[in-house]
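The values are calculated or read from the model by the stated rules, or taken from the named source; none is laboratory data. Not measured: the values here are computed from a predicted model. No Cβ is skipped: glycine too gets one built from the backbone with ideal geometry, and neighbour counts run over all protein chains shown. Side chains are part of the model used for accessible areas, which takes the heavy atoms of the whole protein and leaves out ligands, DNA and RNA. Shrake-Rupley method; radii C 1.70, N 1.55, O 1.52, S 1.80 Å.
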Amino acid sequence: MRPPTDGSLWPAGLAALAGGAPAAAVPLLEEAAAAGEGGGLAPLNLGLALMQLGRLAEAVPALEAAADALPGHAEPPFRLGTIAGLRGDATRAEACFHAALARDPRHVPALAALASIEEESGRIESAAARIACARRLDPAEPELEVAAARLALRRDDLAAAIESAGAVLAQRPAHAGAARLLARALLRRDGPEAALLDVATRAAVDPSAAGLAVAAAELHGAAGRNAAALAELRVAAMLAPDAAEIQAALGLALADAGRGQEAEPLLRAAVAACPGDLDLRNRLATVLWKSHRVSAMLELLEEAIRAFGPQPILLMNQALALNALGEQQAALVAAEAAVAHPAGGTQALMNRMAVLPYHPERGHAAALLAAGRAVAARLGPAAPPPARPRDPDRRLRVGLLSGGLGQHPVGWLTLAGLEALPEAEFELVAYSLKPRGDAMAGRFRARCAAWRDAGHLDDAALAAMMAADGIDILLDLGGYGDGGRPGLLQRKPAPVQVKWVGMQTGSMGLDGLDWMLTDHWETPAGFDRHYAERLLRLPDGYVCYAPPPGAPPVAPLPALASGQVSFGCFNNLAKVTPAVLRAWGRIIAAVPHSRLVLRTHALGEAATRDRLRARLPDHGLPADRVVLQGGVPHQALLAAYGGIDIALDPFPYAGGLTVCEALWMGVPVVALAGDSFCARHALSHLANIGLADWVAASEADYVTLAIARARDLPRLAALRTGLRARVAASPLCDAPRFGRSLAAALRHAWRDWCGTATPL
């Protein structure tokens, strides 16, 4: 039995909550509710306090108790509906809001919440009627005016949207939501430049109105002027330092600009101020991802899943985080849960495609084809291609679609070959999905006849741009990776569409893709059944490696001086499967005094190192013989190969650029070939320099091969001495030769569309 109280817990808890101290209020209200103080109001206010802290799952029982104890009170079911909505259960949310209105038909927040659900489901007129009712009941509430502006914009009533949004800003000059609505309505009515002039005119009247700077930022962002948008948000944040939504907007813009170190504290403060905002937590997770703090990201996501439930966006990012930590099975479970969720949609299917190739058992070619076809089925059939002159021999406009047109694996493996394409035959147009300003990006710009910064465009707008540009052949360099655009490919903006480097893991499964650019090692005879695309095989390799200028010289074989063989893998942890660790454990055990050096960005985080170290003993890897190192700048990464004798390639997702860099630095690579495209990258590169005998066909052969190579140091030293020259003289780096092959392949694909092709 709980001892009787003096009745002071309830008022003390209520005072703490009213004073803005929900954490202090929770234990007092828990005690009060248990003691029966305050009647049903104690569990109600306990639920409110827990909601303010973002502890949504814990709030539900308290609010349910309040709903039972206060049968005539609308607030408990309204709050339960709010939590259901935050947790992605729109059906339950709608039922709760109706229950609240049954208790009190004049409950304005429930009316507004129901209107929001109706708006999301496309019931615009019903939503507008509810908001009108709510405004009659509470004409002074600005959030209702914001909702009215949003609905007016949905109905293309631009004058009403502008009037309502402007009225909110007159009352609350730092209201970011109203500012964005004003900007969007002005943009649709007047166009970008006139809309900016309108906002500037308003700002001249009230220069301290932070919301107008947000509106200007929205307009600059819509025009792709991200730097100008960021500058306006900085102004807004200075004008309204206490406006959580504006500070959050600045944090998000900084994150998008790649300035995660500045963004993180702003986003953390915004999450603390708005614990019920799922998007803020998810965007903070993205900042952690981009800074390679994957364990911290996973912790944040798991906390969000506990609070908001297993919503698809959280599950998808959890899948990416687990995969990046080398926990492929748990990653696929999370990805499959997102696919199974009713709200998962196309994004969940694409997310599964991003993690499936790494899975040690299910990342095979047939599974990738099936998963890609599931994406295609959700997207719908490909659109008919645009009309283009069917002249088989004319100069062709070739589009490059990528976020990696610079110092990026896409750049290192395509640029030299593209530069070697005959300009008289092929005009290149770049559609850059991510701004890059490095020297390699400058070379891309120099080779392209036109450059489109297109990352801000949706699929429909970008497809229209490509069609207007008259693209004949579109090279997709993104696949299902970061920034990939399968929806765009299904819109068929070019008559011939070809998949090339850039998350080229296997078939994309899309009927909008005509060809896969490949070679005879990646896709030997009989592999066509694994691809929805037709296979456009090049005679040598499918890529042309551009060695980094100013790379350090090849160092002598370190084992000759140390007497210790150093195996190394500089691939990301997503590729390091349990089977890979098991194989490495057998190799280390068989080669006395050897060590294994793992280096990747994620290992710069202490929690990730600890997480991996805990798994090593289970796979026969003594912790004292494994060195875990974080990422370093590119030149230092190349120099680090000076301490490696043999590189061990992971499987089933083999190294691509990593293999090329190891070879350039004189380090041969032991690899294992599978049946998916990404499982054969290393085979293609090694075969093209005459080292196909470094590739195994089974895990047992992989182990045996690594041990045998490590036991012949004189041969290893001799190979190392001449390896860079060997690579430089090989088809892997022969840009003119590759350019001719690529030109012939693209011309073949074009002539096939024209109906005049002959066999390659």
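The calculated 222 nm mean residue ellipticity attributable to helices in the chain amounts to -17500 deg cm²/dmol, summing -39500 (n - 2.57) over DSSP H runs of n ≥ 4 and dividing by all residues. Which of rounded, prolate, oblate describes region 171-239, given a ≥ b ≥ c as roots of the alpha-carbon gyration tensor eigenvalues and a/c under 1.5 marking rounded, otherwise prolate only if a/b is larger than b/c? Oblate shape, in that a/c is at least 1.5 and b/c is the bigger or equal ratio.
Here, P(r) means the percent of Cα pairs in each 5 Å bin from 0 to the largest distance; for region 557-664 it is 2, 12, 24, 27, 22, 12, 2.
Per residue, the accessible area of the chain comes to 39 Å², computed with a 1.4 Å probe over protein heavy atoms only. With the charge dipole of region 405-508 set up from +1 on Lys and Arg Cβ and -1 on Asp and Glu Cβ about the Cα centre, the Cα lying farthest toward the positive end among the listed residues A449, L489, L421 is that of L489. Scalar couplings 3J(HN,Hα) for region 611-625, obtained by applying the Karplus form with A = 6.51, B = -1.76, C = 1.60 to θ = phi - 60°, are 5, 6, 4, 5, 8, 4, x, 5, 10, x, 10, x, 4, 6, 10 Hz; x denotes Gly and Pro.
Think of region 222-329 as a dipole: +1 on every Lys or Arg Cβ, -1 on every Asp or Glu Cβ, centred on the Cα centre; then among A263, C274, A296, A263 lies furthest on the positive end. Rounded to two decimals, the Cα-based Rg/Rh of region 623-715, with Kirkwood Rh, is 0.96. For the pair region 212-274 / region 280-301, the C-alpha centres are spaced 18 Å from each other. For the chain, the dipole from Cβ point charges (+1 on Lys and Arg, -1 on Asp and Glu) about the Cα centre works out to 1940 debye, to the nearest 20. Computed with every protein chain present, the accessible area of H408 is close to 60 Å² [probe 1.4 Å]. Over region 231-374, the Kirkwood radius and the radius of gyration, each from Cα atoms, give a ratio Rg/Rh of 1.05.
Across region 462-468, coupling constants 3J(HN,Hα) worked out from phi with the 6.51/-1.76/1.60 Karplus curve, θ = phi - 60°, read 5, 4, 5, 4, 5, 4, 5 Hz, and Gly and Pro carry x.
Relative to the longest principal Cα axis of the chain, at what angle does helix 312-324 sit, 0 to 90 degrees, rounded to 10? Compared with the principal axis, the helix lies near 30 degrees. The orientation-averaged projection of the convex hull spanning the C-alpha atoms of region 657-760 amounts to 8.0 square nanometres. Put a dot 7 Å past the Cα of T704, heading toward its Cβ, do the same for A159, and the two dots end up 8.4 nm apart. Of the accessible area of region 489-643, with the probe set at 1.4 angstrom, what percent is carbon plus sulfur? The value for region 489-643 is 56 percent carbon and sulfur by accessible area. Mean sequence separation of contacting Cα pairs (under 8 Å, at least six apart), scaled by the length of the chain, corresponds to a relative contact order of 8 percent. Each Lys and Arg Cβ is given +1 and each Asp and Glu Cβ -1; about its Cα centre, region 308-406 then shows a dipole of about 560 debye. The lysines within cross-link reach of K290, meaning a Cα-to-Cα straight distance under 30 Å and a gap of 8 or more places when in the same chain, are K434, K499, K575.
Annotation: average projected area of the chain is 36.6 square nanometres, based on the convex hull of Cα atoms across all directions. Within 13 Å, Cβ to Cβ, of G417, how many net charges do the neighbouring residues add up to if Lys/Arg are +1 and Asp/Glu are -1? Here the charged neighbours net out to 0. At what distance in angstrom do the alpha carbon centres of region 364-422 and region 513-568 lie from each other? Cα centroid of region 364-422 versus Cα centroid of region 513-568: 19 Å apart.
Let me know the shape class of region 131-219, please: from the alpha-carbon gyration tensor, a ≥ b ≥ c as square roots of the eigenvalues, rounded when a/c is under 1.5, otherwise prolate if a/b is greater than b/c, or oblate. Oblate, since a/c reaches 1.5 and b/c is not below a/b.
Residues whose amide H falls under 5 Å from that of L535, counting only those 5 or more places apart or on a different chain, are M516, with hydrogens built in the peptide plane. Taking the accessible area of region 352-418, probe 1.4 Å, and keeping the other protein chains in place, the carbon and sulfur fraction comes to 54%.
Charging the Cβ of each Asp and Glu at -1 and of each Lys and Arg at +1, and nothing else, the dipole of region 584-647 about its Cα centre rounds to 80 debye. Grouping the Cα pair distances of region 375-498 into 5 Å bins from zero gives a pair-distance distribution of 2, 11, 22, 25, 20, 13, 6, 1, 0 percent in increasing distance order.
Spatial offset of region 583-638 relative to region 428-507 amounts to 37 Å, using the alpha carbon center of each. With the convex hull of its Cα atoms as the shape, region 484-595 has an orientation-averaged projected area of 11.3 nm².
The heavy atoms of R184 offer some 100 square angstrom of accessible surface to a 1.4 angstrom probe.
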